[in-house]
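**Student:** For reference, the structure I am asking about is given below.
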Amino acid sequence: MKDVYSTGEPNRPESYGAANRDIIRVLLKPSAAYFAMLFVAVSMMLFGVWCEYQQIRWGMGVANIKHPTMWGVYIVTFVFWVGIGHAGTLISAILYLVRSRWRTGVYRASEAMTVFAVMTALLFPVLHLGRMWQNYWFFPYPNQRQLWMNFKSPLMWDVFAISTYFTVSAIFFYVGLVPDIAIFRDHSKGLVKKVYGLLSLGWRGTHRQWHHYMAAYGFFAALAAPLVLSVHSVVSWDFAMANTAGWHSTIFPPYFVAGAIFSGCAMVITLLMPLTYAFNWHAYVNIWHFDALAKMCLLTSAILTYAYGMEYFIGWYSQNPYEQAIFFWRADPWADYGWAFYIMVFCNCVAPLPWYFQKLRTNPWALFIISIFINIGMWFERFNIIVSSLAHNFDPATWDYYWPSWIEWGILIGSTGWFFTWFLLFVKTFPAIAITEIKEMIPPPLKGSLEAK
Amino acid sequence: MNRRNFLQALGLGTGASALSACGLDYNRYYTPIEQILPYVVKPENVTPGVPTFFATSITTGPHAHPVLARHRDGRVVHVGSNKHAPLVRACVPKAALLELQRHYSPDRYKGPMEGTAALGWNDGAVPKLTAAVQAAKSAGKQVVWLGQYRSGSMVELLKSVVDKVVMWEPNGYEAEATAAQMVFGTRFLPRYDLAGASYVLSFGANVLGGWGGTRLQSDFAIARNPNGDHVIARYAHVSPYRDQSAANADDWFAVTPGSEVLVARAVAKLVAQKTGFSGPAVAALGNIDTATAASAAGIDAAAIEAIAAQFASGNAVALPGGAIGAGRAATELAAATYLLNIVGGAMPTLFSGGGYRAPIANTKDIMDLVAAMNAGNVGVLLVDEANPVHALPYSGFAEAMGKVGTTVAFSSHPDETAELCKLKMPAADTFEDWGDEEPLLGFTLLRQPAMSPLNLIHRPLGEQEQVATKWDVVSAGEVLVRVGQALGTVTAKTWRDYLRERWGRMVFDADVLAPPRDRARREAEASGAPWPPVGPDGAPVVEPPPHQDARFGAWFNKQLANGFHKNDLAERPQVLNVTGNVQWAADVAPAGSGDMTAILVPHAHVGDGRYANTPWAQELPDPMSGIVWDTWAEIHPDTAAKLGVVDRDEVEIKSANGSVKTSVEITKSVRPDTVAIQLGQGHALASMRYANGIGVNAALLAKDVDAHGAMAWSGNKVTVTKTGGRTDVVHTFGGDSDEDRNFAVVVNAEQFAAKGDAPADHPGDLTGIHHLEIDKRLTDIGLTDFYPIPQHPTYRFGMTVDTDACNGCGACSIACYAENNLPVVGREKVRQGREMSWIRIDRFYKGDETHFVPMMCQHCGHAPCESVCPVWATYHSLDGLNAMVYNRCVGTRYCSNACPFSARKFNYHTYVWPEPFNMQLNPDVVTRTMGVMEKCSFCVQRIRSIKSAYKDAATETTNFNAVVPDAALARLPACAEACPSQALTFGNLEDPSSTVTRTRKSGRNYFPLEDLNVFSAVNYLAKASFHVAKAEAHHGGGHGGGDAHGATEGGHGAEKAHDGGHGGGHDEHGKADEHGSAGDHH
């Protein structure tokens, strides 16, 4: 096996059987460390549930949202998770369509991340509602009172954009999983075999099945690809369509999509790096992949930096007093949210710069630490956009300072726990690396080879 | 399980879960058990669901004001304006609304008590009191009444029952009354009529903050309005402290504390020289020279001369010191202002003798009373809402009360003094009682019970049994009549009879009986017939007492229905003659040691403390600082720098008499050598649940009366030291500046005076706001707006806010709380930004001006909130309202984020009204639960009701589609109805002749954030300032309101550099200007 620190494509396992064994090995009895992580994740989630109970019981007043900052941590975190949910489909669908070889090792885990991130994101539009028990009013259901929704509202577009994205990415994810689940089925016994049997939808690997499968996979990839661009554009319209200074900007859709891919790729690095080491997947995922992800981050970071600069340029060039005021105030290091702005700029624009050096781009520690910075930076980007624009709204007499309450932090923590609970359960029950696609890269087994024996 | 069993089980399960769901959560969804029962015998004039109005008068003494109590289903739910009352403009004083909430306070005494043991009235309290009074009289001890200012029949009744009447209020009018006695020989209050004034000079009286009653606020707004007479009253304020009233002043002269009297005398001297006035008033002024006064006051002699020049130019009136000017020469200051008014020619038009005549005691009288109490000379002390234990901590009143045989509280609410009284006889309050007041000579207000005492049947949370709570209160008048009967000094059977008898004697006789009687007498004298006429038996005919006249009943009922009576004394000028001389004290400087002077200010809403336990008063932000539920010390920035303190640091303020620790609020509204602290707080009494523990009692710092017996509140030197602690004072304000976003706009006063609000060629041309012009290519094809403007077939409701008239008092906001069932959220929730007021009075400092800008929902035509709501919970109605459907709201709060005016309020919790506050809730407006948005609705319930009324009244022969006329709409919303200055006007924008349509054409019209193109229904009229340059004249038509070049920059009075030739070449210039702003590409 080649050195894991090289940047080339890893040496593939020698046989299909070896690939199967490597992936199935992950499903063996979990270690104490795994249970400890799961315990932490579930505890975080339960804490979030308790905080949400407080909020339902006593009202939104337990959160610190206040006039005029009516959206706070919840919407910030919502946009954050939706953004995270972009990398998976980008990697699995768009890179599939453009036949990028490096996606193979990382796409399954990124797709799982996407689905779980979107599931996490979907919590927030519901739990940030003043009356969350009325959330079904967002859906066009027939009712005697002739109530209907307002399709002019960007929130309504959100409902459809995100639910569509979730549906398509979940189906795409599942379609990709079917042949691999069949392998799991073939290697398990008893009840487990029955469950995998059901989930594998009768996959037998016949020529005819493969023929249909590849057509369907390509079709879903084509369907998912534009959604990658549309979802975060629609999310950005939640802000861009409102006249609030600091939100009301045509630059938002590309800026948000770039940010989403940036944060998503960084999150893939954050998640896969420990998994690669924990499960010894070096034959499947190595620095070559991370290097590619880091390059994606560098590109999108550059786009973001340009967008940040452009916001200021337009603010100055438009001579719009409200826009100028909000942008200049945001960047004032002594102003209320100056620190958040500089965290954002540092994490998103400065922190990735070391990756321009190949040495740092291929160093696991540098990759991991910088990716964490990017995750933090992207959360603060949304914090900056949402909170600081509202806190310094149009009427100076209403300006106020928002800082989240511990209930809001609790729900943020709970959402992270929810995400990691799903992710941890996934890696222990489903193939986190696409076995069949790996196999495509291995020379087909010939008579007399290892597999045939 | 067969199908039948399954269905049974299903039915049982569903029913059981539904039932248990009903009883689940008392706290959140508690609904009182109610019976919907029709009246068996319907009371006359009461239709369920239709309000009844009772004319009444609210607050006592010189502040009495005629209002209407709005009665719904057995209780008063709101206080409205009495449009028919003369001498006062239709409005609702803030105090009237606070009295309304006080009426429903859960802390009210529920019935008579001896100590803490409940008593009956007839078998307990009244006999005990009667016995005590008789015992005191027989023992030769005094029976003393200590109460708030009251006038009319109550005073007469008191004088026949008790030995001594002491009517005293901490921040009352004792200096003014004593000065009147000194100068004019009579103890009374002069009457001020500001409506005709062109120069108002106050020496500290917060004339726009309640001093002299709400009438003066209304009158000032009239004086300030140049429409018709082309005169704008200039308001100058001479005081070390700039309060909400002074913030409206055109000129503020920050003189040293105590020196106001010197300035007043110096001005008067100069005015007398200018007007050539001669008479005893000049002599009474004594010797004062301008330079001495100026140097003592710390201002330029030129300033005094300028004031005098303004004053001498006519129609000027001077107001005394009020509470803030109550230094060590409080009485002399009042006397000096009287003399100034006389030499300046204000008498008798602007200043006259037709004021309040009822007793006003000095603080010295309280000290004498304490001495008498300590000496054991007081047998019975009757306390009526006066609270010297709290207001005069140094007086030793509490200890002295222990030496009085019987102490009786007539106060309806607990306070420090009432709680110490042995016998508590809670009196019916202003909504439950008969009574009358005479705030001006010849102008009497009549009061009738607007509801019977509260009788609440309710089911406490989680209990099965219903509980009846009755507020067993009896009128103080009734008790006094009974005591008087026992003493043999009162013959009337009841308090109502007493009132009728007196009205018959005093008013009906003069009004109805006297004219024919006089005629008959003259005829008799002419014909030589005997007078008084003799009957057949030769004995003179004895007329029955007037109130037994056959016509009296109908006449009296008419007065009750009106709520007021005015006779020609009120209209006749009451000329005053200077009879006395004034001993001017040489030393007017504050006493004690220390480098600063404490200015003790009655709290803007809590007042002297009487509304401390009234949540509305506590929750309404202080107009200047925005602070709620607290006490604070205002310190000048220079002083703060010297002390090393910042906002919300704790300081200790120490005088020779006591010390308090409170929070620092840095402001330029005080002189550097003074510190201003709010009075009225600092109650430590569990029975005052809302006031308990709020702030500190600043009265601890004060001591001593001036040479004439009036309290010297602001006459104490103090030292201010930093304690190093921090406070958690709560305020609601954001920025002090409007950041040149056209929230606060000024126009030149002289220019405005000349033009008034007459339709201008270019609306808003006086404001200097630069409007971008719409591209001619678009106007040519009639496309001026990207989106279609909503169509309004009959009405588009809108409002005009006159920021020049608005003085920031906050009456509108409280009226809104009362009308629209806004919850009070309390101190901690205000800290979290949870206050619910639908009207926010933004206070901006801009240049020399302080702006008060009431902001409420602007009911935009292109409302940013409407398009973002995902469920249509807010939408644009056909009559132009931005309607809000609470039931449909899911609480995304997106609307609030989109609202540029931040006018929306969110229900963070479900708020509860502790019983019986809930009895005040307006049945026409739903209460909201947690998670929904709310905002100003323009009082949609009133709009719907008046529209229906006009539709109902219309017949096919008249006009079936009757449109509500402008006059009926102008004061329709609760805020507009309450506003003493009539700064808020409501109306129909689709009606070309309505007031709101006309004001939109005014030269000082502006819309905050107009450039957002939200097409708002609320237009603002700019504040007039004497300190800004004139706006440039418009050059020619055709610009469509386009090029009102900023003649003023940010209200600072700096004129923009425009070259002289630009008027001629206007086309080019205008173009360059407009394109320059639009992005420079032509």
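**Student:** Using the Cα centre of chain B as the reference point, and only Cβ charges (+1 on K/R, -1 on D/E), how large is the resulting charge dipole? Debye, rounded to the nearest 20.
**Tutor:** Around 2820 debye, computed over chain B.
**Student:** On to the next question. Given the DSSP H assignment, sum -39500 (n - 2.57) over each helix run of at least 4 residues in chain B and divide by its residue total; what's the result at 222 nm in deg cm²/dmol, nearest 500?
**Tutor:** -7500 deg cm²/dmol
**Student:** Exactly which trypsin sites (Lys or Arg not before Pro) in region A:149-209 are in a DSSP loop and have at most 15 other Cβ atoms within 10 Å?
**Tutor:** For trypsin sites (Lys or Arg not before Pro) across region A:149-209 that sit outside H, G, I, E and B with at most 15 neighbouring Cβ atoms in 10 Å, the list reads A:152, A:189, A:204.
**Student:** Among A:190, A:257, A:80, whose Cα sits farthest toward the positive end of the charge dipole of chain A (+1 at Cβ of Lys/Arg, -1 at Cβ of Asp/Glu, about the Cα centre)?
**Tutor:** A:190
**Student:** Tell me the net charge near residue B:199. Cut-off is 11 Å between Cβ atoms, residue B:199 excluded, with +1 for each Lys or Arg and -1 for each Asp or Glu.
**Tutor:** Here the charged neighbours net out to -1.
**Student:** Still on this structure: Nothing charged except the Cβ atoms of Lys and Arg (+1) and of Asp and Glu (-1): what's the magnitude of the dipole of region B:178-352 about its Cα centre? Round to the nearest 20 debye.
**Tutor:** Once rounded to the nearest 20, the dipole reads 300 debye.
**Student:** Next up: What number comes out for the charge environment of residue B:474, summing +1 per Lys or Arg and -1 per Asp or Glu over other residues with Cβ under 11 Å away?
**Tutor:** Once all neighbours under 11 Å are counted, the net charge is -3.
**Student:** Give me the lysines in straight-line cross-link reach of residue B:566: C-alpha distance below 26 Å, same-chain residues under 8 apart excluded.
**Tutor:** Partners within reach: B:83, B:94, B:159, B:558.
**Student:** Amide H neighbours of residue B:874 under 5 Å, at least 5 residues apart or on other chains, H built in the peptide plane: list them.
**Tutor:** Counting only residues 5 or more places away or on other chains, the set is B:885.
**Student:** Another one. Using θ = phi - 60° and the Karplus form 6.51 cos²θ - 1.76 cosθ + 1.60, what ³J(HN,Hα) does each residue of region B:260-274 get, whole Hz, x for Gly and Pro?
**Tutor:** Working through the residues one at a time gives 4, 5, 5, 5, 4, 5, 5, 4, 4, 4, 5, 5, 4, 5, 5 Hz.
**Student:** Can you give the net charge of the other residues whose Cβ lies under 9 Å from the Cβ of residue B:835, counting K and R as +1 and D and E as -1?
**Tutor:** Spelling it out: positives minus negatives among the neighbours equals +3.
**Student:** Also, I was wondering about something else. Report the per residue volume, in Å³, of the convex hull enclosing the C-alpha atoms of region B:178-352.
**Tutor:** Convex hull of Cα atoms, per residue: 99 Å³.
**Student:** Run the numbers on chain B and let me know its relative contact order in percent, using alpha-carbon pairs under 8 Å that are six or more apart.
**Tutor:** Value for chain B: 14 percent.
**Student:** So, with +1 on the Cβ of K and R and -1 on the Cβ of D and E, and no other charges, what is the size of the charge dipole of chain A about its Cα centre, to the nearest 20 debye?
**Tutor:** 1760
**Student:** Pairwise over distinct Cα atoms, reciprocal of the mean inverse distance: report the Kirkwood radius of chain A in Å, one decimal place.
**Tutor:** 23.4
**Student:** So what is the calculated 222 nm ellipticity per residue for chain A, using -39500 (n - 2.57) for each DSSP H run with n of 4 or more, over all residues, to the nearest 500 deg cm²/dmol?
**Tutor:** Rounded to the nearest 500, it is -21500 deg cm²/dmol.
**Student:** OK, next. For residue B:656 and residue B:159, what does the FRET efficiency come to when R0 = 51 Å and r is the distance between their Cβ atoms, rounded to the nearest 0.05?
**Tutor:** Once the sixth-power term is evaluated, E becomes 0.85.
**Student:** Which far-off residues, 5 or more places away or on another chain, put their amide H under 5 Å from the one on residue B:67, with H placed in the peptide plane?
**Tutor:** Counting only residues 5 or more places away or on other chains, the set is B:56, B:57, B:58.
**Student:** Okay, next question. Taking the convex hull of the alpha carbon atoms in region B:653-765, what volume per residue do you get, in Å³?
**Tutor:** 252
**Student:** Can you give the direction-averaged projected area of the convex hull of the alpha-carbon atoms in region A:220-317, in nm²?
**Tutor:** 7.9
**Student:** If amide hydrogens are placed 1.01 Å from N in the peptide plane, which non-local residues have theirs closer than 5 Å to the one on residue B:319?
**Tutor:** Here the answer is B:201, B:202, B:203, since their amide H atoms fall under 5 Å of that of residue B:319.
**Student:** What is the order of B:708, B:792, fewest Cβ neighbours within 10 Å to most?
**Tutor:** B:792, B:708
**Student:** Report relative contact order for chain A in percent, whole number only (criteria: Cα-Cα under 8 Å, sequence separation at least 6).
**Tutor:** This gives 33 percent for chain A.
**Student:** Let me ask something additional. Give the order of B:506, A:378 when sorted by the count of other beta carbons within 10 angstrom, beginning with the fewest.
**Tutor:** Exposure proxy ranking, most exposed first: B:506, A:378.
**Student:** Mean shadow of region B:739-823, computed from the convex hull of its alpha carbons, in nm²?
**Tutor:** For the Cα atoms of region B:739-823, the hull's average projected area reads 10.0 nm².
**Student:** Got a sec to turn the phi values of region B:792-801 into Karplus ³J(HN,Hα) couplings, 6.51 cos²θ - 1.76 cosθ + 1.60 with θ = phi - 60°, whole Hz, x for Gly and Pro?
**Tutor:** Ordered by residue, 3J(HN,Hα) equals 10, x, 10, 10, 10, 6, x, 9, 10, 10 Hz.
**Student:** Decide, for region B:549-650, between rounded, prolate and oblate: order the square roots of the alpha carbon gyration tensor eigenvalues as a ≥ b ≥ c, take rounded if a/c falls under 1.5, and otherwise choose prolate if a/b is larger than b/c, else oblate.
**Tutor:** In terms of gyration-tensor shape, oblate.
**Student:** Rank by packing, highest mean first: peptides B:333-345, A:383-395, with packing defined as the count of other Cβ atoms within 10 Å averaged across residues.
**Tutor:** Ranked by mean Cβ neighbours within 10 Å, highest first: B:333-345, A:383-395.
**Student:** From the backbone phi of region B:718-735, what are the Karplus-calculated ³J(HN,Hα) couplings (6.51 cos²θ - 1.76 cosθ + 1.60, θ = phi - 60°) in whole Hz, Gly and Pro given as x?
**Tutor:** Running phi through 6.51 cos²θ - 1.76 cosθ + 1.60 with θ = phi - 60° gives 9, 10, 10, 10, 7, 8, x, x, 10, 10, 10, 4, 10, 9, 9, 8, x, x Hz.
**Student:** Enter the mean number of other protein chain beta carbons within 10 Å of the beta carbon of each residue in B:903-913, as an integer.
**Tutor:** Counting Cβ atoms of other protein chains within 10 Å of each residue's Cβ and averaging gives 4.
**Student:** Based on the Kirkwood radius over alpha-carbon pairs, what value in µm²/s does the Stokes-Einstein equation return for the translational diffusion coefficient of the protein assembly as shown at 37 °C and 0.692 mPa s?
**Tutor:** 89
**Student:** With an 8 Å cut-off on Cα pairs and a minimum separation of 6 or more residues, tell me the relative contact order of region B:178-352 in percent.
**Tutor:** In percent, rounded to a whole number, it is 30.
**Student:** Can you sort B:121, A:365, A:316 by how many other beta carbons sit within 10 Å, fewest first?
**Tutor:** In increasing order of surrounding Cβ atoms, one gets A:365, A:316, B:121.
**Student:** Return the lysines within reach of residue A:152: Cα separation strictly under 24 angstrom, same-chain partners fewer than 8 residues apart disregarded; answer none if there are no such residues.
**Tutor:** Within the straight-line limit of under 24 Å, residue A:152 reaches these lysines: B:905, B:935.
**Student:** Further question: Under the Kirkwood approximation applied to all pairs of distinct alpha-carbon atoms, what is the hydrodynamic radius of region B:282-348 in Å?
**Tutor:** Hydrodynamic radius (Kirkwood, Cα pairs) of region B:282-348 is 12.8 Å.
**Student:** Still on this structure: How would region B:596-731 be classified by its alpha-carbon gyration tensor: rounded, prolate or oblate, with rounded meaning a/c under 1.5 and the a/b versus b/c comparison settling the rest?
**Tutor:** oblate
Read the figures in this text as sums done on the coordinates, not as results from a lab. All of these numbers come straight from a predicted model, not from anything done at the bench. Ideal geometry is used to build each Cβ from the backbone, glycine not excepted, and the neighbour counts take in all protein chains shown.
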